[in-house]
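Notes to accompany the following structure.
Any read-out appearing in this document is the output of simple, stated calculations on the displayed coordinates, not a laboratory observation. Not measured: the values here are computed from a predicted model. Ideal geometry is used to build each Cβ from the backbone, glycine not excepted, and the neighbour counts take in all protein chains shown.
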Amino acid sequence: MQSEESKNQAEEGFGLCGYILIGLSYIIVIFTFPLSLLFCIKIVKEYERAVILRLGRILSGGAKGPGLFFILPCIDQIVTTDLRTITFDVPPQEILTKDSLSITVDAVCYFRIFDPVVSVTNVENAQVSTRLLAATTLRNILGTRTLQEILQDKEIIAQNMQETLDSITDSWGIKVERVEVKDVRLPAQMQRAMATEAESSREARAKVIAAEGEQKASIALKQAADIINQSPVALQLRYLQTLTNISAEKNSTIIFPIPIEMLNSFSKKSA
């Protein structure tokens, strides 16, 4: 597309008036030499490119630079573009998620200009346009997702946003290299509600774990009681072991258990 436009411009030329103005500019440069060198010699840095518009038309050969190049005063206009990767923060956006929750999200975007001529001719201000498009795309993409998806799938969201931006800005001569979702901020009321929900969930899990522990302990006690019931001497040994544990702690009080059968016999005699 760009090559066809440059060919058409080359075929059309500048016209009679245009060539007259170009000739006058050369005459001015010659008669004002060497003072004219201050206005005709331009320097472009290694990471920059210059797009020259002569009488409103882009010169053949595309962008110039890096290094020195010559322009004609009065009829040449120079537009310098930076080819380095540019980083900008997407302003915090108030977004209504798919599950009707209001959140604030901000992101960071990395892009660079890969075609200076297209970035000058196809869009008025490439950087400002990319910033506005990034903010709009962030709202559109996050508005189709729930809060849980936004918190869990940040990398997938960032990749989708980068692909969407890159497909649109390609016609502007801009390459979107990377997009990252920085922060997702919730309202204070929503944070308290989520904290309460998480605390309730933890308490419910703790109660379930305690109930499972009691169930396993009751099964173990039943098995121990069955074993002790089969051998009455085992109960006496268990009693002596308990006394040993109590004496090891240097306690002055010792508890002697009384068999339930003895109490039953006393109750029968009193009856």
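General remarks:
- Given charges at Cβ of Lys, Arg, Asp, Glu: region 25-136 dipole, positive-most of 58, 123, 90: 58
- Think of each Lys and Arg Cβ as +1 and each Asp and Glu Cβ as -1; about the Cα centre, that makes the dipole of region 64-138 roughly 200 debye.
- Built from the Cα atoms of region 102-184, the convex hull projects on average onto 5.0 nm², one quarter of its surface area.
- Largest-first principal axis extents of the Cα set of region 32-143 (Å): 71, 25, 22
- Between region 19-67 and region 197-223, the C-alpha centres lie 83 angstrom from each other.
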